[in-house]
Amino acid sequence: MHSYPHRPQGTPPKYRNSAAFYDVDGTLIKINIVHAFAYYAARHPGLIDSARRSVKTALSIPVFWAADKLSRKWFNEIFYRSYEGASEDRLIVLAEELFEDVIKPNIYPRAKALIEESKRAGIRQVLISGALDFTMRPLATYLGVDDLISNKLEFVDHYATGKLEKPFVAGATKADIMRSYAKAHSIDLAESWAYTDSFSDYPMLAVVGHPTACNPDFRLRSLARSYDWPVLDLDEEVTRSVARRPQGLARQIRRRT
Amino acid sequence: MRAIRPKLRSNPREHIVTIDNDSAPRIMWSGENLIMEDLPVGTRVIYPNRPMTPVANPQAAIRYALNHPEASDPLHAMLKPGMKVSIAVDDISMPLPIMRTPDVRQMVLEIVCEMLADHGVDDVHIIIALGLHRRMHDWEIKRMVGQKVWDEYWPDRLYNHDGCDPDGMVVLGHTPHKELVEMNRRVAESDLTIYVNLNFVPMNGGNKSMAVGLCGYESLKAHHHPKAIVESNSFMDPPKSYLSHSFKRQGDLVEKTLKVFHIETVLNNRCFDGPLSFLQKNEDDFTETDRLKFQGMKWALDRLPFAARREIFMRTPAAYEMIACYAGAVDPTHDRTIAKQNEQNVVPVEGAADILIMGIPYISPYNVNSKALNPLLVQVMALGYFYHMYKNNPILRDGGVLILTHPVSDRFDPVHHPSYIEFFNRILTETTDSYTIETKYQDELAYNPSYVEMYRRGNAYHGAHPCFMWYWGQRGREKTSRVIVVGADNATVPAIMGWETAGSIAEAVAMARGTMGRSAQITMMHHPPYMICDVT
């Protein structure tokens with residue numbers, strides 16, 4: 001067997017003060033915070049209580065959807081009220097199972113590879129998510145990121161009050177948090193990356209020098225095309241094989257949407 | 001009985017036509033459309049040679065080459081049961097347009113794979129040697145290698161090269177000129193590598209095959225820089241090309257380190273045939289049928305939307321035929337390839353032009369099956385490839401004016417060319433100086449994790465590829481005094497690249513004469529198919 005040295009692992013010096021900020025729901029994983037809540041609801045002690053909470057969650061989905069469309073602040077207030085009375089221990093213990101059963105199988109096929117590429121370039125990795133910190137922690141460990149910024153539930157005597165600690169990690173606040181983070185860690189935002197799937201995260205894309213739309217919704221895809229931002233589709237299953245792209249008219253339509 | 005031989009050429013000077021008062025207007029490509037324009041009296045129009053007669057039995061020619069190689073043992077004598085073999089194959093960037101099936105690479109692969117199996121060689125991988133080009137889609141690979149090879153090897157033993165895979169690349173060493181040589185790990189660890197090349201232009205093949213097709217970004221930097229381009233006079237004249245010299249140095253190290261058997265194929269220039277064969281004719285020789293065909297085609301193209309026109313052209317493969325196959329050691333094999341290729345493509349021309357006119361078609365090596373020929377690729381076709389289609393002396397004299405026809409629309413394919421978009425809109429609007437771009441921006445694009453991810457797992461060209469494309473036009477930019485675009489659908493895009501616009505060929509010629517004088521010699525290169533002008 002021949003033996004050759006590995007190729008030189010050069011890291012361009014300019015990336016030493018750079019960070020990559022990733023939204024999580026819809027960007028790195030296929031599911032969102034409602035899935036996590038439904039998981040907790042379905043695993044409530046007592047069969048009847050569990051069924052009751054699952055039905056209640058299902059019925060609330062249209063309300064959550066409408067609130068999210070109108071205002072992320074309203075959505076947070078309505079949605080996180082559902083956690084009121086939950087014990088801190090139970091939420092943390094179930095978070096590991098939530099990760100293994102729900103989150104891990106729903107990580108986009110190319111998400112980990114993207115983070116690996118970014119780490120290889122010497123860039124600091126940060127998850128910035130509107131989900132709850134205890135649900136995101138196992139994912140952050142699995143992906144090997146440097147920092148996790150996410151929402152925190154308020155607890156009194158180890159029981160959730162149904163309110164979030166401020167500031168809420170959402171919308172324009174994400175951009176503020178990123179600015180503060182950059183200042184605290186001597187990060188140059190002009191040389192940093194942000195990845196998100198949703199138009200509602202436009203502020204976090206606007207504050208970095210390298211915004212990238214990941215599996216974008218229609219509005220963000222249009223915006224990315226207008227601003228000439230790269231568009232990544234992390235949901236395409238790619239090993240050595242290449243996913244077949246639609247041909248002809250179908251391809252044109254797909255590219256436009 | 002004597003074989004009936006096709007008529008080769010009635011007039012040895014038929015490839016050059018001088019426009020007279022009663023000459024027909026000339027057809028020029030303008031992206032996904034054609035235009036027909038009258039040229040000034042006295043304009044010299046250079047046509048490619050007629051297609052050479054193909055080999056009667058391509059499979060037999062391939063087998064003969066494998067069994068009678070240049071400065072090497074025959075392929076069968078190099079095979080031992082149980083050995084580890086890699087087959088590297090040229091990617092879809094050549095020929096242009098894509099050729100009809102069976103692709104010549106399919107014919108070679110089928111014979112080679114059969115020979116390997118017959119000799120008990122089972123550990124065989126086929127690697128698409130794409131360098132830093134985009135990964136080929138699975139349907140493109142299938143079309144290129146054919147059903148038989150596809151069924152046998154895809155996807156575990158037939159795949160795209162990945163120049164950014166930290167575990168998949170190794171360093172072979174440095175040349176005496178301190179040029180780094182990286183190599184695909186599988187190839188480096190094989191007992192034998194067989195390179196299957198489709199040689200379309202003289203700058204390809206030979207040492208470039210292994211040194212570029214299977215390299216990484218850091219070793220490509222050795223020759224893909226502005227100085228190398230400026231000092232290549234021209235790309236298409238290997239003895240006078242800096243690029244070729246650098247490929248040779250890297251190739252020598254590869255040959256010294258690895259065991260490589262090269263197979264090179266040469267095609268004729270039958271770009272269009274059947275109903276489109278009139279596009280290869282001298283317009284003065286058009287029949288009424290040819291004129292009707294052109295008018296019908298033009299009428300339809302003028303009315304079809306851009307995407308439909310593009311789709312039609314992309315789905316119209318060329319009728320190229322194999323005219324030779326050589327095999328063996330890299331240099332003697334490539335020398336024979338180049339000689340045959342020159343026989344087909346070189347046309348003798350006396351004297352350089354002051355004003356050079358060329359139509360830019362819809363295709364380049366980097367936009368096969370893409371959404372558009374983006375402005376950077378228009379630039380690389382004009383100032384890179386077509387400007388360099390000469391040997392001995394430039395076809396456009398230094399300080400001359402280049403006139404080209406293309407809409408130069410602000411269209412990019414975001415899947416294939418994502419970093420081109422940033423390059424064109426951000427970097428090129430800050431500076432057009434290649435040397436500044438090389439030092440300030442190239443590594444930034446190369447190591448941008450989004451672009452690396454898109455290159456490795458998507459279907460995007462490498463992040464630094466648009467920089468190379470801009471350098472490719474550096475000599476042309478430095479040696480021409482003006483570039484005038486006819487038929488541009490906007491003024492902004494040409495202006496970013498430092499080009500002027502004109503409404504018609506007549507207007508462009510008037511502008512060019514303002515620089516070059518009333519007696520300026522005007523030449524039009526009538527391609528595709530391309531030709532290489534041997535200028536004396």
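The values are calculated or read from the model by the stated rules, or taken from the named source; none is laboratory data. None of these values were measured; they are calculated from a predicted model. Quick reminder, even Gly has a Cβ in these numbers, built from the backbone with ideal geometry, and neighbours come from all protein chains shown.
A few notes on this one:
- Residue selected from segment B:510-536 under the condition in contact with a helix residue (DSSP H, G or I) (Cβ under 6 Å, 6 or more places away or on another chain) and not in a strand (DSSP E or B), by the criterion surrounded by the fewest Cβ atoms within 10 Å (Cβ to Cβ): B:A520
- Selection status of B:I484, out of contact with any Lys or Arg (no Cβ under 9 Å at 6 or more places or on another chain) and over 30 Å from B:W139 (Cβ atoms): yes
- For A:A95, the stated conditions do not hold, so it cannot be described as in contact with a Phe, Trp or Tyr (Cβ under 8 Å, 6 or more places away or on another chain), modelled with pLDDT of 90 or more, away from chain B (no Cβ under 14 Å) and farther than 29 Å from B:P449 by Cα.
- Evaluating B:T429 against the criteria (1) more than 21 Å from B:D162 (Cβ to Cβ); (2) within 12 Å of chain A (Cβ to nearest Cβ); (3) not in a helix (DSSP H, G or I) leaves one unmet condition, (3).
- Within segment B:392-402, being under 22 Å from the mean Cα position of the chain (by Cα) and surrounded by fewer than 24 Cβ atoms within 10 Å (Cβ to Cβ) holds for B:N392, B:N393, B:P394.
- Some residue of segment B:217-226 being more than 14 Å from chain A (Cβ to nearest Cβ), modelled with pLDDT under 95 and assigned to a loop (DSSP other than H, G, I, E, B): no
- So A:I128, is it part of a helix (DSSP H, G or I) and either hydrophobic (A, V, I, L, M, F, W, C) or modelled with pLDDT of 90 or more (or both): no
Table: residues versus (1) basic (K, R); (2) farther than 30 Å from A:L114 by Cα; (3) within 14 Å of chain A (Cβ to nearest Cβ).
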| position | (1), (2), (3) |
| --- | --- |
| B:L383 | no, yes, no |
| B:P394 | no, yes, no |
| B:S419 | no, no, yes |
| B:S434 | no, no, no |
| B:Q442 | no, no, yes |
| B:N448 | no, no, yes |
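- A:A182 crowded, with 19+ Cβ neighbours inside 10 Å, modelled with pLDDT of 95 or more and over 17 Å from the mean Cα position of the chain (by Cα): yes
- Of all positions in segment B:354-363, at least one carries a residue that is closer than 20 Å to B:M28 by Cα and of a type in the set (D, E, K, R).
- Residue count, segment A:194-222 (criterion: surrounded by fewer than 17 Cβ atoms within 10 Å (Cβ to Cβ) and under 13 Å from the mean Cα position of the chain (by Cα)): 0
- Among the residues of segment B:14-39, those identified as touching a Ser or Thr at 6+ places or on another chain (Cβ under 8 Å) and aliphatic (A, V, I, L, M) are B:V17, B:I19, B:M28, B:I35, B:L39.
- Pairs, first in a helix (DSSP H, G or I) in segment A:157-181, second among the basic types (K, R) and modelled with pLDDT under 90, C-beta under 7 Å, six or more apart: A:G171/A:R72
- Residue within segment A:125-144 that is under 13 Å from the mean Cα position of the chain (by Cα), of a type in the set (S, T, N, Q) and away from chain B (no Cβ under 14 Å) present: yes
- Selection within segment A:194-237 - among the aromatic types (F, W, Y) and closer than 15 Å to A:I149 by Cβ: A:Y195
- Entirely in segment B:269-386, the helices (runs of 4 or more DSSP H) that have 3 or more residues that are touching a residue at least 40 places away in the same chain (Cβ under 8 Å), on the phi < 0 side of the Ramachandran plot and surrounded by fewer than 19 Cβ atoms within 10 Å (Cβ to Cβ): B:288-303, B:306-314, B:330-345
- Candidate set: segment A:15-29, residues that are outside any loop (DSSP other than H, G, I, E, B) and within 8 Å of the chain's Cα centre (by Cα); chosen: the one nearest to the other protein chains (Cβ to nearest Cβ): A:Y22
- When residues in segment B:129-159 are screened for being of a type outside the set (F, W, Y) and free of Cβ contacts under 8 Å to residues at least 40 places away in the same chain, 11 of them pass.
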